[in-house]
1. Work out, in µm²/s and without decimals, the Stokes-Einstein translational diffusion coefficient of the chain at 20 °C, 1.002 mPa s, Rh from Kirkwood over C-alpha pairs.
2. What list of ³J(HN,Hα) values in whole Hz, one per residue of region 55-67 in order, does the Karplus curve 6.51 cos²θ - 1.76 cosθ + 1.60 (θ = phi - 60°) give from phi, with Gly and Pro shown as x?
3. So if each residue of separation counts as 0.36 nm, and I subtract the Cα-Cα distance between Thr68 and Ser211, what length gain in nm does that give?
4. Ordered by packing density, taken as the mean number of other Cβ atoms within 10 Å over each peptide's residues, highest first, how do 10-16, 157-163 rank?
5. Taking the simple approach of a point 7 Å from Cα along Cα-to-Cβ for both Leu122 and Ala191, what is their distance in nm?
6. Scan around Trp109 for amide H atoms under 5 Å from its own, H built in the peptide plane at 1.01 Å from N, and keep only partners 5 or more places away or cross-chain.
7. Starting at the first residue of region 184-191, write each ³J(HN,Hα) from the Karplus equation 6.51 cos²θ - 1.76 cosθ + 1.60 with θ = phi - 60°, in whole Hz, x for Gly and Pro.
8. Give the distance, in whole Å, between the Cα centre of region 1-41 and the Cα centre of region 52-69.
Amino acid sequence: MTSNLDRNGFEIVPAILAGRECEAIKNLAASSLARSAGSRQFLEYGWCWDLAEKLRHHPLLRHLIGPTHVTVQCTYFDKSLLTNWLVAYHQDLSIPVLAHVPSPACTGWAVKDGVTFVQPPLAVLQSLVAVRLHLDRSEDDNGPLRVLSGSHALGRVSAADLPRIRAQHQEETCTVPAGGILALKPLLLHASSKALSVAPRRVLHFVYGPSQLPEGLAWRRLGPKQGPLDAPNSTVSPLRPRRSQI
Ligand SMILES: O=C(O)CCC(=O)C(=O)O
């Protein structure tokens, strides 16, 4: 049977963690952020790696994350009136890799927080699944994600096509209770508005993908078991997503 994730590019599963588990994770995330080299590198923390694995094997999420997929990234988003942002409609096109490869099929090379990112071939992007674990409720007032339902099926889209795509695809606001998850395909066009209320909106954004990559690429997925137990001790402010990619 086709899942909502396959059909629409997103799916909400409301009750994955209990309230007390969310509170414990918020405390861990806050102390990790203070020590982190970047909020894109949370997998280097043991608690976050274990949480990613718990989600990967969770009975309510198994139909969303491929059985052979591995955990490849976790980014922490802490949106509030103090750390506020909006993001225009875009697709997530970059993945973290170990090193540059000389392949014309790979574009958009960049280094962020010391990690190499690349836009891989389309087939890789189509195979990825993002799982956003909501530590707070996400509703109309605190900057929820908005998506254009079904737009993941269009492949990579250009900025010039956006007005037409917006007219043809239903916009959905993804309200999610605390402890719930929003799973989405990174090719799904998504955006978010600024928070308007004092209620924070903390999210751990996990990405799962195939263990092997084409074109000689290799994941840069240093977890506590494969790499340094702790991230470098520089202090950075929480990640503010790019305003607009398209
Ligand atoms: O959480 C947000 O507000 C934006 C997230 C986003 O744009 C992304 O994950 O690409």
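1. Values: Rh = 18.3 Å.
Answer from the Stokes-Einstein relation: 117 µm²/s.
2. Each residue of region 55-67 in turn: 5, 4, 9, 5, x, 7, 10, 4, 6, 9, 9, x, x Hz.
3. Here the answer is 50.8 nm.
4. 10-16, 157-163
5. Computed distance between label sites Leu122 and Ala191 equals 2.4 nm.
6. Answer set, sorted by chain and number: Gln119.
7. Ordered by residue, 3J(HN,Hα) equals 8, 7, x, 7, 5, 5, 9, 8 Hz.
8. The distance from the Cα centre of region 1-41 to that of region 52-69 comes to 13 Å.
Every number in this text was worked out from the coordinates using simple rules, so none of it is lab data. Computed from a predicted model, the values in this text were never measured in an experiment. Backbone-built Cβ (ideal geometry, glycine too); neighbour counts: all protein chains shown.
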